[in-house]
Each structure stands twice: as C-alpha cells, then as structure tokens.
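Visitor: Submitted below is the structure of interest, expressed as structure tokens.
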Amino acid sequence: MPPEPREYKDDVLPRKPSSQKSAKSFPSSGPKAPTFSDRLYLAGVLHRPIDAAFLLGGLGSCVWTAVCMLVLDIPFLIWTRFSVNSERHPISWGPIFSFCMAMSRASSSAVYNVVQLRMVSNIISWFIPLRMLHLSNYKFDPNVRFKVHLDTLLIPERKTLFYTRRELGHNGGHRGKNPSNPSPEYLASFLPDEDKTGRIPNLPEESGPLDMDGTYTMKGEWIEALEDPTHLPNDDKEAKRSNVVVLYAHGGGHVFCSAKFHRQLVTRMLLEFGPGARAFVMEYRLAPEDPFPAAIHDAYAAYLYLTQPNHEAITLCRGGLRGAHHTTPVDPKDIVLAGDSAGAGVAIGLQLYLRDYVQPSVEPKPIVPPATVLISAWTDISTSMPSATSRHSYCYTPSPMGVNPFASQEKFYSFPKFNFARTYLCGDSDLFPNERNSGGKDLEWEWYRHLAQHPLVSPVYTANLSGLESSTLLQTGTFDRLVDDTRLYAHKLGQANPDERVRLELYRDMVHVHQFFEFLPMADKALKSMVAFVEDAQQRHKTRVSAKTRGSNGTEWIIVDTVGNETEGHNDDGCPIDVLETYWRPDLK
C-alpha cells in the first residue's frame, strides 16, 4: 500500500514562513495572475539572461555532436565494418536520420525550462508548411474554437464523487478557506483504491485561470483527406470514402507542442485512411498554466464536441479560416481515439474518465470509441522504468522526466533537469503560482507524490484497466525512452481485457514517436499498420466478434525489423514483465 499521509499539527500541512522565497502568499480566491512579462515568457519569447546560455549551450552541443560523428563515430563504424553500434549511430540508421537524431539530442540536453521548450517548438512549427509541400489532397481549418462551461462539464464528475467529497468537507476537501492547506485526508483521497472497496480516486479542482463567466476557450484544428483529382470515377481501384474521425491528442510532455506541430503527422495518417477521413487535433490546456486534470477535462470536452456539439457545456464560436464547425454529431463507433507520448496518456485518461467518472452519473452512457491508437505512450509519469533511465544516447527525449513518488523529498528537489512530471502535476511557482506550489516545499512534495499515483496520471501502475471496450494498437521503438511504459501497459491491458484485441508493435532501432519523421521507411509502415488495425477494429465492433473468439487472448507482441518484416515476439508472461513491475517498489505499496 502507498505510505500513509504524514500527520501534522492542526490537521494541516506545514507552510514555510511568508518571508521565505519558496512560499508565495496569495488570496484565498486564487493565486495572483502572472504579469505580462511572465505571459510573454510562457509564450516562448525569450528575454532572460539564462536564455542566452541556453542558446549558446544548444549551439555548442550541436557543433560538438557533429564533430564527434565525423571524427569518432564514422571512423569507428568503418573500423568495425559496420558490425557494432557507435554511441550516436546505430548500424541501421541512415546518415540523415543519424544527423537529425544527434542534433535533436544535443538540443534537448541544453533545455532548462518550459519556456525554452516552447521556443524550440515554435521554431520547429515554422517549418511545418515546408514539410507538407510534398503532401496534397487535404484541407484543414487551424482556428477552431469553442467555449467550455467548466461547471456544466464537470456535473457528471461531481455527481460521481459527491459522497467522497462530502466526507472530506466543504470546498473539495480543503480545511478552512485557504486552498494552500489541504488536509492529509484530502491528499490521500487521490490515491488508488488498494483495499478494493470500490472507491473511485478523488480528482483535484482545476487551478488554472477562467474567464469571468466561468468558461474557457478550447482550440483545435480540423484536417480532412480529400479525393485525388487525378482519380477516374470508373477506375477499378476506386476507393471508398472513409468514415473515420480521429480524435487526436498531441504529445509534448504536457507542457509544449501543439496541433500545428503535429499537423504533418496527422495529415499523413488521414491520407493513409483515404478520402473522407477526418481528424480533430485538440489543443488541450498545458502546464504550468493548467496542471492536471485540465488536460483530461479538455479531452472530455473534445469528445462532447464531436459526439454532442449541442451539449450545454459547449458553445461553438465563430471563426476559423472557413468559419465552419463540424456541427453534425459524429457516431462514437466512427471515432478513433489516438495520441502520442503525453497525448497517448491523455487518450488513456479519457477512456478511464468516461468509464469511472462520467458513466456512473450519465444516461445514456457515453460510448468509448471502439478503436484506440497509442504511439510511444507515457503511462508512468515518474519515468522510473529501465528504458527511461538507461544511459544510451540514441533517443532524443530527455531522461528521466520525473521522480518516483516513493523517493525522498530531497531527490525530488535535487532533480538535475527540467521536471516534466512536477510541472504537469504542480505547475511552476515562479511563472504561474497556484495552491499546489505556493505553500512551500513540503506541501508541493505532498501534492506531487499523491497525484503521481493517480490512475489518470500513471495508469500503467495504478489503474484498473478492465472493461475498456476498445481495440488498442500500441506502437513504440526499441530506442524509445518510453518503450517500457508502452510494453507494460500493453501487457496489463491485454490481461485485463481478454475479449478485446490488443496489439503491440515494437520497431527495431526506432526512437520516440518515429512516425513523426517522414523520411523513415518505418514511419510509413507504422501508419499503414494503423489503418489496417482500425479497419479490423471497426469490423469487429460491427459483428461483435471478440478477440477471444478469434483465438487471440492477451496481447499480440509483434517485432518489426528495419525493412518492415513482422515476427511474433515473446508472450505476455515471464521475467521481462515481472522486472518492469518492480520499479515502483512493491514493498512500499
């Protein structure tokens, strides 16, 4: 079982004196809004001295990496006759891929804070139109906006959690009027139900800003695959129009990236589905401005936008280049729930949120989309597993990205790099203070270690995955920092849902979200595999044929080599999975 919350005098957590820098005071109505300079900074406009060091450090790292490749790696490969990997150049990687990965690793190693990440994201997004020049037969509306009435959106959640929150007291379980002093019982309510009593873990109230009317504006963009104008109507190969509508959650560690950043990837996916396929790429709110559970609520709002555009929690806004919303409700059976990295975690969170927090209080019950595609899924917020903390330098993502909730507070605050997990769960006290990070170090650590164990945050360890009625395809690479996150989640999902198809594709020598790099042959292979899987999932949903009936009980383990050949991998049982399950220290659970 998780460790019990520590006891504190007067039933509140201690706070640092207001004179200390780490404890920021703010009125009970909410944290002080960030200044214009802070908002500009959060937008990725660099203007602080540390940013000059970041730019110089990133440039220096790129130059040094290029020199190492030319002077050390290439001679090493020639000397070994291309039979042994170098530190930066796996044998099967082409020179272009090797150079791009090396530059990406060098740049990511120099990142110090969320603002620098956003600046890098903005720069890469500038080149998206160039990357899409070779694509045709698609259209997109990049400025879709709708208002979300938060109180209305959360009615099902509040009904489901009514008795839990009533037992904790008023104001969501906070003691008194100061939200920076939650009770130990309130923090413990976020932990999973280890006693199997059926209790649903509580959810914290959102801490981000709202408009005066209690709403916020959610953004996204629509992309649609069009008919090929060179296609003749009487052609024997006339393609049927696809009915697929992809609800896509982009990656970015919960703190950066956007729909535009992933536009090229999603467009290539839709073109594989064929004419008529559409995607809504949601711009869910990011931390530190809007920490957990804002992203989960946004995913639910986007689901309502597709299936019930006239829902009372949604108000459509005028705007967009074409000024039109897709106001015709989408049949849930046509929706494909998809995401990469942190976005894949949001997609899983939406499935669990619909099952546990919405369905108990809503009639008719919302239907979970029958097909789910997860790319390099981030399912352990602490990145505690071997692949996330290994020392190989092939993958461009930083390592690690969080701290184990069973570690010490000292380790939490001595984290050497940018802590994605801390920012997602607690925000940033310097740029965007809130009740989770402005009450001192002790309080912030208590918030973190409890929320990090929430099933919607780290589903691979703490969530009950049974009853997720959706065929799920998971794709990852052997050099992906999150390969173990994906492997363990695929294993547990298949074991918990024997009647549903769960397929894990492990691509040799590929890195985190390799589908993003269109010059890789295995990127196209992965997209084609998605189409075949979704078509099978939709057909199975129509005919109500279970995976168990078809003789596919558990997870399909597929190894894809560097030329696209597929072979059956090991089964779900045995040492590799057992080893992964030990990384949250079962002796303390």
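Visitor: Within the chain, which whole H helices from DSSP have a Cα span along their axis of at least 27 Å and a mean Kyte-Doolittle hydropathy of 1.0 or more, if any?
Guide: Helices passing the filter in the chain: 49-68.
Visitor: May I pose another question? With r defined as the distance between the Cβ atoms of Leu135 and Lys528 and R0 fixed at 22 Å, what FRET efficiency is calculated, to the nearest 0.05?
Guide: Step by step, r from the Cβ atoms, then E = 0.90.
Visitor: If the limit is 29 Å between Cα atoms, which of Lys139/Lys240; Lys240/Lys333; Lys365/Lys492; Lys240/Lys492 go over it?
Guide: With Cα atoms farther than 29 Å apart: Lys240/Lys492.
Visitor: Still on this structure, I have one more. How much mean residue ellipticity at 222 nm does the chain get from its helices, if each DSSP H run of length 4 or more adds -39500 (n - 2.57) and you divide by all residues, to the nearest 500 deg cm²/dmol?
Guide: Value at 222 nm, helices only, nearest 500: -9500 deg cm²/dmol.
Visitor: While we're here: Give the distance, in whole Å, between the Cα centre of region 415-489 and the Cα centre of region 200-230.
Guide: 20
Visitor: I would also like to ask the following. Order of 328-340, 250-262 by packing, highest average Cβ count within 10 Å first?
Guide: Most protected by this proxy first, the peptides run 250-262, 328-340.
Visitor: So if each residue of separation counts as 0.36 nm, and I subtract the Cα-Cα distance between Ala66 and Arg158, what length gain in nm does that give?
Guide: Values: separation 92, 0.36 × 92 = 33.12 nm, distance 5.44 nm.
Full-extension gain reported as 27.7 nm.
Visitor: So what is the relative contact order for region 240-338, in percent, with contacts set as C-alpha pairs under 8 Å and at least six apart?
Guide: Numbers: 119 pairs, mean separation 34.8, N = 99.
Relative contact order comes out at 35 percent.
Visitor: Ranking request for peptides 302-313, 364-375: highest mean number of other beta-carbon atoms within 10 Å first, then the rest in descending order.
Guide: Packing proxy ranking, top to bottom: 364-375, 302-313.
Visitor: For the chain, which whole percent of the accessible surface, found with a 1.4 angstrom probe, sits on carbon and sulfur atoms?
Guide: Carbon-and-sulfur percentage of accessible area, whole number: 56.
Visitor: Once you order the gyration tensor axes a ≥ b ≥ c over the Cα atoms, which shape class does region 29-147 get: rounded for a/c under 1.5, otherwise prolate or oblate by comparing a/b with b/c? Walk me through the numbers on the way to the answer.
Guide: Details: a/c = 3.28, a/b = 1.58, b/c = 2.08.
Taking the square roots of the gyration eigenvalues as a ≥ b ≥ c, region 29-147 is oblate.
Visitor: Calculate, for Ile74 and Ser393, the FRET efficiency according to 1/(1 + (r/R0)^6) with r their C-beta to C-beta distance and R0 25 Å; round to the nearest 0.05.
Guide: 0.95
Visitor: Cut-off under 19 Å on the C-alpha distance; same-chain residues fewer than 8 positions from Lys525 excluded. Which aspartates and glutamates are left, in chain and number order?
Guide: Glu272, Asp340, Asp480, Glu505, Asp509, Glu535, Asp536, Glu556, Asp561, Glu566, Glu568
Visitor: Whole angstrom only: what separates the Cα centroid of region 90-158 from the Cα centroid of region 325-352?
Guide: Region 90-158 and region 325-352 have Cα centres separated by 18 Å.
Visitor: So how much slack lies between Arg544 and Glu469, counting 0.36 nm per residue of separation and subtracting their Cα-Cα distance, in nm?
Guide: Working: separation 75, 0.36 × 75 = 27.00 nm, distance 1.12 nm.
Length gained between Arg544 and Glu469: 25.9 nm.
Visitor: At 1.4 Å probe radius, can you tell me the per residue accessible area of the chain in Å²?
Guide: Per-residue value: 43 Å².
Visitor: Any chance you could run the full-extension gain for Arg39 through Arg81? It's 0.36 nm times the residue separation minus the Cα-Cα distance, nm to one decimal.
Guide: Details: separation 42, 0.36 × 42 = 15.12 nm, distance 5.31 nm.
Net length gain for the segment: 9.8 nm.
Visitor: Can you tell me, using C-alpha contacts under 8 Å and at least 6 residues apart, the relative contact order of the chain as a whole percent? Show your work: numbers first, answer last.
Guide: Values: 1104 pairs, mean separation 94.6, N = 589.
In percent, rounded to a whole number, it is 16.
Visitor: Right, something else. I need the shape label for the chain. Rule: rounded when a/c is under 1.5, else prolate if a/b > b/c, else oblate, with a, b, c from the alpha carbon gyration tensor.
Guide: Working: a/c = 1.38, a/b = 1.18, b/c = 1.17.
It comes out rounded by the Cα gyration axes.
Visitor: If you don't mind, another one. Among DSSP beta bridges lying fully in the chain, give the percent that are antiparallel, nearest 5.
Guide: 45
The values are calculated or read from the model by the stated rules, or taken from the named source; none is laboratory data. These numbers were taken from a predicted model, which means no experiment stands behind them. Here Cβ is always computed from backbone atoms with ideal geometry, including for glycine, and neighbour counts include all displayed protein chains. When the accessible area is computed, the model is the full protein with side chains, heavy atoms only, and any ligands, DNA or RNA have been set aside. Shrake-Rupley method; radii C 1.70, N 1.55, O 1.52, S 1.80 Å.
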